[in-house]
Amino acid sequence: MKKNSILFIFILLLCIGVQYETIYYTDGSMSAAEYGLMGVSIFLALFYMIPALYFLFRIGKKWELPKKALILSLLGGMFLSGWLSSFANTYIHDLLGVLFPDSAFLNAFESAIVAPLVEEPLKLLPLVFVLALIPVRKLKSLFLLGIASGLGFQMIEDIGYIRTDLPEGFDFTISRILERIISGIASHWTFSGLAVVGVYLLYRSYKGQKDGKKEGLIFLGLALGTHFLFNSPFVELETELPLAIPVVTAITLYGFYQAYRFVEKHNELMN
């Protein structure tokens, strides 16, 4: 009975997300030109989405992770974390605008501060449902579920940005999706992979198992910190040799690699 209730709530939240994420395309507000540009942009995005999904499921099979757990995490990132984050970010933005009107600091750093604190926990929310329905016993499995949720979130966010860029015209929309494809090398999938390992290790520490607490703080800090940097004015710094984005990307990928090494070494930690 408990699992049935959890499953129903999860399906309900997913259905809300599907409606929320698709209503713009079905309400008749888009022109034929916008539909065409949307199609071209999504086609370009598929050049990273399809390989990413292929490797995700291939690794899942290698690590003996149930495919249905991976699918549910991916869908949760797309249609649960996505719309919840959108609402939360909007409400917090409105609240901060009332509390601190015309704040130059918030104008520069609001997205960098708010987005990680809102989105990282909400990207892990699908895993709460998935683990309640399909328990896993390996740390690598948990790591991959976090990556799946982050990837789902990343894909639906990219499609959402295409939609909001449409009024700016063909050149801008195409350039933006190409930019997001390139930046997808180190984006939400890496943040969520780091975050889920960090949160789990801190949870173990809270339960009295002190080993791994330092690593938990480091991995969670990296998830929040790199997300902060990618959303901060730092990445907009212009230098003769491009440095800002490559530096943040390198930090993210290095941290993610260290998390991967940790879960490889301590795969039995959940037993």
* Any idea which of S5, S73, S41, S29 is within 20 Å of A132 (Cα to Cα), of a type in the set (G, A, S) and over 19 Å from the mean Cα position of the chain (by Cα)? -> S5
* Structure fact -> The number of residues in region 7-29 that are modelled with pLDDT under 95 and more than 21 Å from S86 (Cα to Cα) is 1
* Structure fact -> Scanning region 105-125 residue by residue, those buried (at least 17 other Cβ atoms within 10 Å of the Cβ), free of Cβ contacts under 8 Å to residues at least 60 places away in the same chain and of a type outside the set (A, V, I, L, M, F, W, C) turn out to be E110
* **Conditions (1) surrounded by fewer than 12 Cβ atoms within 10 Å (Cβ to Cβ); (2) over 26 Å from N267 (Cβ atoms); (3) modelled with pLDDT of 95 or more; (4) not basic (K, R); number of the one not met by Y54** => (2)
* Structure fact -> By residue number, the members of region 163-214 that are within 22 Å of L144 (Cβ to Cβ), modelled with pLDDT of 95 or more and not hydrophobic (A, V, I, L, M, F, W, C) are S187, H188, T190, S192, G193, G198, Y200
* Sort out which residues of region 202-230 are without any contact (Cβ under 8 Å) to a residue 40 or more places away in the chain, in contact with a Gly (Cβ under 7 Å, 6 or more places away or on another chain) and closer than 19 Å to N267 by Cβ, and write them in order of number. => L202, S205, G216
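Per-residue answers, yes or no, for (1) among the aliphatic types (A, V, I, L, M); (2) in a helix (DSSP H, G or I); (3) crowded, with 17+ Cβ neighbours inside 10 Å:
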residue	(1), (2), (3)
L12	yes, yes, no
C15	no, yes, no
A33	yes, yes, no
L37	yes, yes, yes
V40	yes, yes, no
A45	yes, yes, yes
E64	no, no, no
* Identify all residues within region 251-263 that are loosely packed, with under 12 Cβ neighbours inside 10 Å and either farther than 29 Å from K138 by Cβ or not hydroxyl-bearing (S, T, Y) (or both); write none if there are none. => R261
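The values are calculated or read from the model by the stated rules, or taken from the named source; none is laboratory data. All values reported here derive from a predicted model rather than from experimental measurement. Reconstructed Cβ throughout: ideal geometry from the backbone, glycine too, with neighbour counts over all protein chains shown.
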